[in-house]
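Visitor: Submitted below is the structure of interest, expressed as structure tokens.
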Amino acid sequence: MKCVVCRGAAVIDVRRHNANFCGEHFVRHCGEQVRRAVEDFDMLQPEDRVLVAVSGGKDSLAVWDLLVELGYQADGLYIGLGIGEYSETSGGHARRFAESRGLTLLEVDLPGEYGFDVPTGAKAARRVPCSACGLSKRHLFDKAAVDGGYDVLVTGHNLDDEAAVLFGNTLRWDTDYLGRQYPVLPARNGFPKKVKPLVRLSERDMAAYCLIRGIDYLVDECPMAAGNRHLIYKDLLNDLEVRSPGAKADFYFSYLRNAADRFREDRDESVVGECSRCGSPSQGEVCAFCRLQERAVPVTFGGRT
Ligand code: Q46
Ligand code: ZN
Ligand code: ZN
């Protein structure tokens with residue numbers, strides 16, 4: 001197996017591009033894919049101050065590394081979710097990466113600063129853990145980006161993530177979610193601009209990238225992810241990809257090209273007010289995060305149970 005660029009020994013085959021690469025040219029290929037995504041979707045400007053949502057896993061550390069290598073000024077933000085040992089370990093990976101590259105890592109600790117962890121919040125709100133977790137992360141990432149004066153919030157969602165979400169949304173024909181599924185969401189109503197520069201790269205690409213770049217990421221899955229439908233969709237799409245290389249990218253990018261615009265019109269763009277508790281943008285008087293906190297930490301809000 002030879003590298004398509006230098007004919008040296010290849011370390012990875014990328015079937016979607018019908019190409020094999022040596023380590024050096026694979027790293028360049030990943031940079032080029034990010035550069036193209038950034039350009040095609042007008043994600044970032046060279047002078048932007050960028051905040052990367054960092055979990056300690058491969059995708060978020062890789063996207064941080066890739067953006068810094070492409071010359072962007074990017075800080076990271078790690079949120080401690082209080083998911084036992086998983087959170088302690090993931091925080092360590094994020095900190096060590098930032099230290100090794102001399103990068104700035106901001107941190108927010110959900111239990112320490114807001115009085116509840118994800119398992120408690122989920123139980124109190126009778127939500128599945130990923131729903132309480134996702135809601136908390138969105139709120140805290142948005143808030144940190146706006147409060148810190150960042151131009152853009154970056155997340156490490158890759159092609160596999162986006163295709164799986166699209167698959168789920170399409171199975172349910174959830175037009176509101178379909179309208180929101182785009183790799184760039186502009187800043188609006190007090191929310192920061194959000195972008196996903198890894199949409200042209202797969203999960204396997206990111207694992208290989210980290211290995212080649214010596215990025216020590218957290219390999220273990222979050223213990224709360226078990227039973228998540230997202231994982232079932234990923235498996236189904238991986239089976240499809242084995243039989244038909246490129247099918248995943250085709251499904252996702254054809255959606256963006258041919259259909260995404262039709263659903264974007266369905267978006268609820270109604271004027272958003274401010275949460276009376278935290279000042280974040282909210283459609284109700286109190287935002288969803290503060291309502292979750294109220295249920296998880298009743299004493300904070302006057303002893304309600
Ligand atoms: S951290 Fe949170 Fe994920 Fe764990 S509880 Fe679910 S959403 S699986 S990316
Ligand atoms: Zn090469
Ligand atoms: Zn609030």
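The values are calculated or read from the model by the stated rules, or taken from the named source; none is laboratory data. Just so you know, these numbers come straight off a predicted model, no measurement behind them. Cβ sites come from the backbone with ideal geometry, for glycine too, and all protein chains shown count toward neighbours.
Visitor: Of these, 172, 188, 200, which one is basic (Lys, Arg) and surrounded by 15 or more Cβ atoms within 10 Å (Cβ to Cβ)?
Guide: 200
Visitor: Please find, among 54, 38, 11, 68, the residue that is farther than 30 Å from residue 108 by Cα, more than 16 Å from ligand 3 (Cβ to nearest atom) and surrounded by 15 or more Cβ atoms within 10 Å (Cβ to Cβ).
Guide: Exactly one of 54, 38, 11, 68 is farther than 30 Å from residue 108 by Cα, more than 16 Å from ligand 3 (Cβ to nearest atom) and surrounded by 15 or more Cβ atoms within 10 Å (Cβ to Cβ), namely 11.
Visitor: Testing residue 190 on (1) among the small types (Gly, Ala, Ser); (2) over 18 Å from residue 54 (Cα atoms); (3) at pLDDT 95 or above, one condition comes back false. Which one is that?
Guide: (3)
Visitor: To continue, here is another question. Give 118, 154, 146 a once-over and let me know the one that is free of Cβ contacts under 8 Å to residues at least 60 places away in the same chain and either buried (at least 20 other Cβ atoms within 10 Å of the Cβ) or of a type in the set (A, V, I, L, M) (or both).
Guide: Testing whether each residue is free of Cβ contacts under 8 Å to residues at least 60 places away in the same chain and either buried (at least 20 other Cβ atoms within 10 Å of the Cβ) or of a type in the set (A, V, I, L, M) (or both) leaves just 146.
Visitor: Here is a further query. Only one of 218, 231 is modelled with pLDDT under 95, of a type outside the set (Lys, Arg) and within 18 Å of the chain's Cα centre (by Cα); which?
Guide: Step by step, each of 218, 231 is checked, and only 231 is modelled with pLDDT under 95, of a type outside the set (Lys, Arg) and within 18 Å of the chain's Cα centre (by Cα).
Visitor: I want to confirm something. Restricting to region 83-132 and keeping residues that are acidic (Asp, Glu) and either more than 20 Å from the chain's Cα centre (by Cα) or not in a helix (DSSP H, G or I) (or both), which single residue is farthest from ligand 1 (Cβ to nearest atom)?
Guide: Among them, the one singled out is 99.
Visitor: From the list 148, 76, 112, 168, which residue is over 30 Å from residue 42 (Cα atoms) and away from ligand 2 (no atom under 16 Å from the Cβ)?
Guide: 112
Visitor: Also, quick follow-up: Please state which one of 252, 209, 217 is part of a loop (DSSP other than H, G, I, E, B), in contact with a helix residue (DSSP H, G or I) (Cβ under 6 Å, 6 or more places away or on another chain) and on the phi < 0 side of the Ramachandran plot.
Guide: The conditions single out 217.
Visitor: Would you call residue 255 touching a residue at least 40 places away in the same chain (Cβ under 8 Å) and either over 18 Å from the mean Cα position of the chain (by Cα) or more than 22 Å from residue 129 (Cβ to Cβ) (or both)?
Guide: Criteria met by residue 255.
Visitor: Going by what's in this entry, would residue 135 be described as surrounded by fewer than 22 Cβ atoms within 10 Å (Cβ to Cβ) and in a loop (DSSP other than H, G, I, E, B)?
Guide: no
Visitor: Oh, and also: When you go through 226, 247 one by one, which is the residue that is modelled with pLDDT under 95 and either surrounded by 13 or more Cβ atoms within 10 Å (Cβ to Cβ) or of a type outside the set (S, T, N, Q) (or both)?
Guide: 226
Visitor: Does region 179-202 contain any residue that is within 15 Å of ligand 1 (Cβ to nearest atom), within 28 Å of residue 296 (Cα to Cα), in contact with a Leu (Cβ under 8 Å, 6 or more places away or on another chain) and not in a strand (DSSP E or B)?
Guide: no
Visitor: Say whether the condition of being hydrophobic (A, V, I, L, M, F, W, C), more than 23 Å from residue 292 (Cβ to Cβ) and in contact (Cβ under 8 Å) with a residue 60 or more places away in the chain is met by at least one residue in region 181-196.
Guide: yes
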